[in-house]
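Remarks on the structure that follows.
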Amino acid sequence: MSIRSLCLSLGLLLALCGAAFAQDEGPYVGAGAGQSKVKDPGSCSDLAGLFNPGYSCSITDTDTGWKVFGGYQANRNVALELSYVDLGASKLSASGIANLAPLPPTPATVSGKITATGFSFDVILSAPITEAFSVSARAGLFAWTLKTSVSATASNGITTASASQNDSTSGNSFDFGIGARYDFSRNVGVRVEFQRFTNVGDDNTGKSDVDLISASLIYVFR
């Protein structure tokens with residue numbers, strides 16, 4: 001092979017490599033849904049001061065979570081991503097004989113719900129396994145908002161009284177996760193992830209990690 005042919009071959013190879021890497025770059029958008037779980041949703045024993053012994057109580061710590069996101073794939077290994085995340089709600093329901101001093105013990109029901117939403121900004125590091133399949137890890141910041149609603153109803157058989165309260169609080173924490181992605185084509189792929197949002201909440205609501213297992217559809221603008 002002549003030097004000229006070698007240079008032409010090398011130039012063609014570099015051009016092809018450049019084109020391949022260029023296909024790995026670009027902005028993308030996506031949406032996903034799955035199941036969220038609050039790691040520490042509180043305890044029914046927290047109501048022991050309100051109800052007499054023997055009250056019934058249930059707590060739901062799982063819900064449907066979802067997210068929409070957009071990002072930029074710098075290369076095959078690094079991406080930056082901004083997401084809006086809805087982590088669903090944890091719920092509490094209780095009933096029994098309540099101590100409502102100075103009133104006598106009265107049958108009452110209490111229900112509460114805490115919803116968590118927020119924006120996350122993450123760096124995603126990917127490791128390609130094949131041309132279409134890769135695994136990834138992410139870490140970033142999570143700006144969360146918690147909305148709390150509590151309602152109570154008491155009735156002595158003659159009169160009924162009810163009350164409700166709604167509050168909102170916000171803050172910042174960290175999130176991290178791992179995932180796997182499969183690309184069906186140059187533009188369309190799916191991603192399955194486990195993601196943990198840490199220390200969501202404050203001293204009034206209580207702090208807890210919230211996990212989200214989700215599957216997402218991704219569209220890359222190439």
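Within region 192-215, take every residue that is in contact (Cβ under 8 Å) with a residue 40 or more places away in the chain, of a type in the set (D, E, K, R) and in a strand (DSSP E or B) and give me the one that is nearest to residue 144 (Cα to Cα). Checked region 192-215; the qualifying residue nearest to residue 144 (Cα to Cα) is 209. Can you find a residue in region 47-60 that is open to solvent by 50 Å² or more (accessible area, probe 1.4 Å) and either free of Cβ contacts under 8 Å to residues at least 12 places away in the same chain or of a type in the set (Asp, Glu) (or both)? There is at least one residue in region 47-60 that is open to solvent by 50 Å² or more (accessible area, probe 1.4 Å) and either free of Cβ contacts under 8 Å to residues at least 12 places away in the same chain or of a type in the set (Asp, Glu) (or both). Every condition in (1) within 15 Å of residue 124 (Cβ to Cβ); (2) open to solvent by 40 Å² or more (accessible area, probe 1.4 Å) holds for residue 183 except the one numbered (2).
Considering only residues that are open to solvent by less than 80 Å² (accessible area, probe 1.4 Å), under 19 Å from residue 75 (Cβ atoms), out of contact with any Leu (no Cβ under 7 Å at 6 or more places or on another chain) and in contact (Cβ under 8 Å) with a residue 40 or more places away in the chain, which ones fall in region 96-136?
Step one: list which residues in region 96-136 are open to solvent by less than 80 Å² (accessible area, probe 1.4 Å), which gives 96-100, 106-112, 114-118, 120, 122-124, 126-128, 130, 132-136.
Checking which are under 19 Å from residue 75 (Cβ atoms) leaves us with 122-124, 126-128, 130, 132-136.
With the extra rule that they be out of contact with any Leu (no Cβ under 7 Å at 6 or more places or on another chain), the set shrinks to 122, 124, 126-128, 130, 132-135.
Across region 96-136, the qualifying residues are 122, 124, 126, 127, 128, 132, 133, 134, 135.
Somewhere in region 137-155, is a residue in contact (Cβ under 8 Å) with a residue 40 or more places away in the chain, part of a loop (DSSP other than H, G, I, E, B) and either open to solvent by less than 60 Å² (accessible area, probe 1.4 Å) or under 30 Å from residue 49 (Cβ atoms) (or both)? Checked against the condition, which is being in contact (Cβ under 8 Å) with a residue 40 or more places away in the chain, part of a loop (DSSP other than H, G, I, E, B) and either open to solvent by less than 60 Å² (accessible area, probe 1.4 Å) or under 30 Å from residue 49 (Cβ atoms) (or both), region 137-155 yields no hits at all.
Per-residue answers, yes or no, for (1) under 30 Å from residue 28 (Cβ atoms); (2) hydrophobic (A, V, I, L, M, F, W, C):
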| position | (1), (2) |
| --- | --- |
| 150 | no, yes |
| 160 | no, no |
| 181 | yes, no |
| 184 | yes, yes |
| 201 | no, no |
| 207 | no, no |
| 210 | yes, yes |
| 220 | yes, yes |
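The values are calculated or read from the model by the stated rules, or taken from the named source; none is laboratory data. Bear in mind that the values here come from a model prediction, so they are computed numbers and not experimental data. Counting neighbours? That spans all protein chains shown, and the Cβs are built from the backbone with ideal geometry, glycine included. Side chains included, ligands, DNA and RNA excluded: accessible areas come from the protein's heavy atoms. Shrake-Rupley method; radii C 1.70, N 1.55, O 1.52, S 1.80 Å.
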